[in-house]
Amino acid sequence: MDRAEDHVAAINRAGLRIEGPLAQFVCRIPTFTPEDLKGEFEHVVLAVKAQDTAAATRALAPHLSVDGYVVSAQNGLNELTIREIVGDARTIGCFVNFGADYLEPGVIQYAGRGAVVLGEIDERVTPRVEELRRAFLDFDDRAIVTTNIWGYLWGKLAYGAQLFATALTNDSIADALADPAYREVYVEIAKEVLRVARARRITPEGFNGFDPRAFAPDADRAVAERSLDEMVAFNRRSAKTHSGIWRDIAVRKRRTETDAQLGPIVAIGSEVGIPTPLVSRLIELMHEVEDRRRPQSHETLDLLRAALPR
C-alpha cells in the first residue's frame, strides 16, 4: 500500500522492480492506495517516513486484526507513536540499516546489506517474533531477534544524528565521516545522543561499524576514530553513497525526518536534564537547508562545528 498513485500504478502494471548490485528481480503483487485498500490483516510492515507514522498508523488501524501487529521498519522511535494508536500488544520493534533508494515509480534500488533486527517492545522473546524473523530471513539471512530493541533504536538515533550532519554538505556518507576536519562534530553529536539514552537507562547496541562504546562520555578518542573508520569502510561497500536525508533535500526536494527523528532526542533530553545543544543546532540548520536559506556545503557544516562545546 502506498499513497503515491504513480508508484502504485507502475507496480500494478509491470510489477515492483528491484535493481542494484545485490539483487535484480521483479515482484508482482497487488498494490493499493490507502483509499482502495480492503480487508483485514494480521501482519503489517510499516515503512513510511517517520513524520508520516501517526497518519499511516491511523489509516491502517481499521485493517489490523485484533490479534495482529504492526512492525516498524523505520528510523526513529516510531514504536512510541504506533503503540499509542494500536496498543503495546500490537506493536513490534524493528531496526534496519540496509541501503535502498526510490529511483522512479515502480523501481527501487537495493544498494547494500545492513543489520536487520526484530524485537518485542517489552523485551520478551515470543513465538510471534521468532515467526516474524523466519519471514524476514527471506530478505536477509542474517536477521536476528533481540531482547534490547530499544538499544538498537537509540544506537541508530546516534548514528542517524551523524548522518543528518553529513547531509548539511554534498559529500557522500563515507567521504563526510572520513574528513578529519569534521570528525569532532560526528563524535560529539553521537555522544550527546547517547548521554540522553544513558539517562533513560538504555544500553545502546552496535551495528555495521557503529560502536556505541566509542561514543560513551569517557571513551578514548582513538576508539571513536576506529569506529568512524569502520563506518566509512561499511558505507564504501554500498552502492548507496548518500543518506536518504540528503536525497530528500537534493533529489526529491521535500522535507526530511528532522523533527520526527531528532526532535524526540531534544525533548527527552529536556525531560531527563541532559542538554542537547548540538542536536538542537543541527535541527535549526537542517530547517534552513530545507527552506533553501542555506546551501548544502561545508560552510553550513562549519556552523554546526561552531556549536561544539569549548
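The values are calculated or read from the model by the stated rules, or taken from the named source; none is laboratory data. The structure presented is a predicted model; accordingly, all values stated were derived computationally and were not measured. Don't worry about glycine lacking a Cβ; one is built from the backbone with ideal geometry, like all the others, and counts go over all protein chains shown. Each accessible area value is taken on the protein alone, full model and side chains, heavy atoms only, with ligands, DNA and RNA left out. Shrake-Rupley method; radii C 1.70, N 1.55, O 1.52, S 1.80 Å.
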Every residue from the stretch 254-274 that is without any contact (Cβ under 8 Å) to a residue 24 or more places away in the chain and within 21 Å of E184 (Cβ to Cβ): V266
Meets criteria (part of a loop (DSSP other than H, G, I, E, B) and in contact with a Pro (Cβ under 6 Å, 6 or more places away or on another chain)) for A219: no
Enumeration of residues in the stretch 42-79 that are without any contact (Cβ under 8 Å) to a residue 24 or more places away in the chain and over 23 Å from A100 (Cβ atoms): P62, V66
Flag for T241 being assigned to a helix (DSSP H, G or I), surrounded by fewer than 21 Cβ atoms within 10 Å (Cβ to Cβ) and among the β-branched types (V, I, T): no
Any pair with Cβ under 6 angstrom, 6 or more apart, that starts in the stretch 99-125 at a residue that is of a type in the set (K, R) and ends at one that is at pLDDT 95 or above and assigned to a loop (DSSP other than H, G, I, E, B): R113/F98
Qualifying residue in the stretch 139-158 (condition: farther than 14 Å from A115 by Cα and of a type in the set (G, A, S)): yes
All positions within the stretch 257-306 that are surrounded by fewer than 16 Cβ atoms within 10 Å (Cβ to Cβ) and under 12 Å from F164 (Cα atoms): D259, E284, H287
Filtered residues of the stretch 62-85 (kept if open to solvent by 10 Å² or more (accessible area, probe 1.4 Å), touching a Lys or Arg at 6+ places or on another chain (Cβ under 9 Å) and assigned to a helix (DSSP H, G or I)): H63, R83, I85
Criterion violated by F234 - all others in (1) part of a loop (DSSP other than H, G, I, E, B); (2) within 27 Å of Q51 (Cβ to Cβ) satisfied: (1)
Residue within the stretch 206-223 that is open to solvent by 40 Å² or more (accessible area, probe 1.4 Å) and within 19 Å of the chain's Cα centre (by Cα) present: yes
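Right, V129: β-branched (V, I, T) and assigned to a loop (DSSP other than H, G, I, E, B) or not?
The answer is no for V129.
Being farther than 20 Å from E257 by Cα, in contact (Cβ under 8 Å) with a residue 60 or more places away in the chain, of a type outside the set (K, R) and surrounded by 20 or more Cβ atoms within 10 Å (Cβ to Cβ) is the requirement here; does I92 meet it?
No.
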Pick from the stretch 133-155, criterion over 20 Å from the mean Cα position of the chain (by Cα) and part of a helix (DSSP H, G or I), ranking: surrounded by the most Cβ atoms within 10 Å (Cβ to Cβ): A135
Any hit, the stretch 98-111, residues being acidic (D, E), more than 27 Å from Y159 (Cα to Cα) and not in a loop (DSSP other than H, G, I, E, B): yes
Near pairs, Cβ below 9 angstrom, 6+ apart or cross-chain, from the stretch 17-36 (more than 16 Å from F98 (Cβ to Cβ)) to any residue that is open to solvent by 100 Å² or more (accessible area, probe 1.4 Å) and not in a loop (DSSP other than H, G, I, E, B): R17/F25; T33/E5
